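Below is one structure, written out as structure tokens; comments come after it.
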Amino acid sequence: MQLPNDFDLGTPFTRDDLKRAGVSVAVLRRREFRQLFRGIWAHEDAVCQTNRIRAALMLHPESAVACRFSAARLHGLPVPEHAFEHILVFDEADRRPHPLIKSHVTQRQRRVTTVQGLRVTDPVETFIDLAGSLGLIDMVVLGDALVKRFRMAPSALVAACERSTAYYAGAALVAALLVRAGVDSPMESRIRLLIVLAGLPEPKVNVILRFEDGAWRFRLDLCYPEVKLVVEYDGRHHESRRDEDLARRAELTEEGYEFVVVTADGYFTTPELTIERVREALVRRGWPAVPDVDDAWRQHVLV
């Protein structure tokens, strides 16, 4: 049986949707259809992150809202991979138990927006909610991305956490105080936090070097401009980008800059060596009174 031309295969649907369209549910036996949740189906070409969240919401009343990890993904914000969809409801009776859905209940008024036609907690509410699930570094990664994506001042995020009466607002505030504007990538956030949590001076973010006429020249991700020290993440870019990076580093090295280049292994596998490299470079460059390394970073970085 062929589906009617006006049947939307771009979004999830139910058996009742098929019946209303005059289509036998036997069509679901075809290999191109996938069951996203109990009673919710999608064409294989429509199986995606957004439609998975859409399907989870379809199991709940219209007042339900995507929240936490699901909300972050809808907002395009970086969060660790998570197997469950998170749905917020406002009455205990509206919860829909499912092995792959976490239903949360609240009586508090929440700020809700719409993304791709789906009700979702707004970015700041999402940030505060996730403080109950994420560690400090992942929260700062999230906050750095949030203020950049939504053109929000870090101070505004701090103020929102201070005003909030949510259960996790205190933990969110701790992270918000470490959020900085202009951060371009999660790894940039992670390396900065590694340095800060180790008790070393915080590098400036997104330092712009200009020509004498004021024209833009280079952007440095993490920098101690006072001593011309740059901490830079090497993400193993395409060869053309790598050549540009090497040329830029060579040019600035001739002008007295020093680079500490950090790879993914330098963060995830040998963070203690990365910290020591940064500390030694600060001492070598003449930064005044460089402190000893604080082992507090080990509470936040999994090695």
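The values are calculated or read from the model by the stated rules, or taken from the named source; none is laboratory data. Note that this is a predicted model, so its numbers are computed, not measured. All Cβ positions, glycine included, derive from the backbone under ideal geometry; neighbour counts span all protein chains shown.
Observations, loosely collected:
- Within the stretch 91-120, being touching a helix residue (DSSP H, G or I) at 6+ places or on another chain (Cβ under 9 Å) and part of a strand (DSSP E or B) holds for His98, Ile101, Lys102, Ser103, His104, Val105, Val112, Thr113, Val115, Leu118, Arg119, Val120.
- Residue in the stretch 144-159 that is free of Cβ contacts under 8 Å to residues at least 60 places away in the same chain, in a helix (DSSP H, G or I), closer than 23 Å to Arg298 by Cβ and touching a Lys or Arg at 6+ places or on another chain (Cβ under 8 Å) present: yes
- Here Tyr233 meets each of (1) crowded, with 17+ Cβ neighbours inside 10 Å; (2) farther than 23 Å from Ala281 by Cα with one exception, condition (2).
- Restricting Val227, Val278, Val261 to those that are free of Cβ contacts under 8 Å to residues at least 60 places away in the same chain, closer than 22 Å to Leu197 by Cα, in the same structural domain as Leu194 (by TED's automatic domain parsing) and surrounded by 12 or more Cβ atoms within 10 Å (Cβ to Cβ) reduces the list to Val261.
- Filter pass, Gly214 being among the small types (Gly, Ala, Ser), within 21 Å of Glu255 (Cβ to Cβ) and assigned by TED's automatic domain parsing to the domain that holds Asp245: yes
- Taking every residue in the stretch 51-70 that is within 18 Å of Thr11 (Cα to Cα) and pairing it with any residue that is aromatic (Phe, Trp, Tyr), at least 6 positions away or on another chain, the pairs with Cβ-Cβ distances below 7 Å are Ala55/Phe37; Ala56/Phe37; Leu59/Phe37.
- Exactly one residue out of Phe69, Phe84 is in contact with a strand residue (DSSP E or B) (Cβ under 7 Å, 6 or more places away or on another chain), surrounded by fewer than 19 Cβ atoms within 10 Å (Cβ to Cβ) and of a type in the set (Phe, Trp, Tyr): that is Phe84.
- With a requirement of 3 or more residues that are over 14 Å from Leu118 (Cβ atoms), the helices (runs of 4 or more DSSP H) lying completely within the stretch 1-90 that satisfy it span 15-20.
- You will find that of Ser133, Ser103, Ser185, Ser164, the residue that is under 30 Å from Glu258 (Cα atoms) and among the hydroxyl-bearing types (Ser, Thr, Tyr) is Ser185 and no other.
- Of all residues in the stretch 193-224, those being in a strand (DSSP E or B), surrounded by fewer than 17 Cβ atoms within 10 Å (Cβ to Cβ) and not basic (Lys, Arg) number 6.
- Condition broken by Glu251, with the remaining ones in (1) closer than 21 Å to Val207 by Cα; (2) at pLDDT 95 or above satisfied: (2)
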